[in-house]
1. Quantify how much of the Cα-Cα distance distribution of the range 20-64 extends past 14 Å, in percent.
2. List the trypsin sites (Lys or Arg not before Pro) in the range 22-102 that DSSP assigns to loop (not H, G, I, E or B) and whose Cβ has at most 13 other Cβ atoms within 10 Å. Which are they?
3. Quick one: 3J(HN,Hα) in Hz for the range 36-46, Karplus 6.51/-1.76/1.60 with θ = phi - 60°, rounded, Gly and Pro as x.
4. If you average the sequence gap of Cα pairs under 8 Å that are 6 or more apart and divide by the length of the chain, what percent do you get for the contact order?
5. So for the pair Phe16, Lys90, with labels modelled 7 Å out along Cα→Cβ, what separation do we get in nm?
6. Just the C-alpha atoms of the range 3-97: what Rg/Rh do they give, with Rh taken as the Kirkwood radius?
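Readers should treat all values here as calculations from the given coordinates under stated rules, not as data from a laboratory. Every value quoted in this text rests on a predicted model; they were computed, and no experiment measured them. Here the Cβ positions follow ideal geometry from the backbone for every residue, glycine too, while neighbour counts run over all protein chains shown.
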Amino acid sequence: MIKITPAAGEQMQKSFASADENTILRIAVRQKENGEFHYLMGLDDTKADDMRFISQEIKIAVSNEQIDLLDNMEIDFVEISTGKFEFIFKNPNDPKYKQPTE
């Protein structure tokens, strides 16, 4: 399951206000050659092989092929510097967030 924080949900609701009610937020990830994750999100239609979630009243779709990479991820909307806000992806499956084992 993917979680959207209240701040991210509020911003998404504003951004998607003019979208068709059947439109869904698609979240995807691409793994770069160096192993880093690059996250993508945008409005789309659902597909037969999608996993679907709802968080903060936002309908979310993820390809079945990517669910293991995105499971338990949280999307937040934060101020990264004065007056500059961005969506951030907190993903326990992303190698850069993994803690070394002892």
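1. Working: 510 of 990 pairs.
Pairs farther apart than 14 Å: 52 percent.
2. When the trypsin sites (Lys or Arg not before Pro) of the range 22-102 are filtered for loop state and at most 13 Cβ neighbours within 10 Å, Lys32, Lys47, Lys98 remain.
3. These are the phi-based 3J(HN,Hα) values: 5, 8, 10, 9, 10, 8, x, 7, 7, 9, 6 Hz.
4. On the way: 165 pairs, mean separation 31.7, N = 102.
For the chain, the relative contact order is 31 percent.
5. 2.0 nm
6. Values: Rg = 13.5 Å, Rh = 14.0 Å.
Answer for the range 3-97: 0.96.
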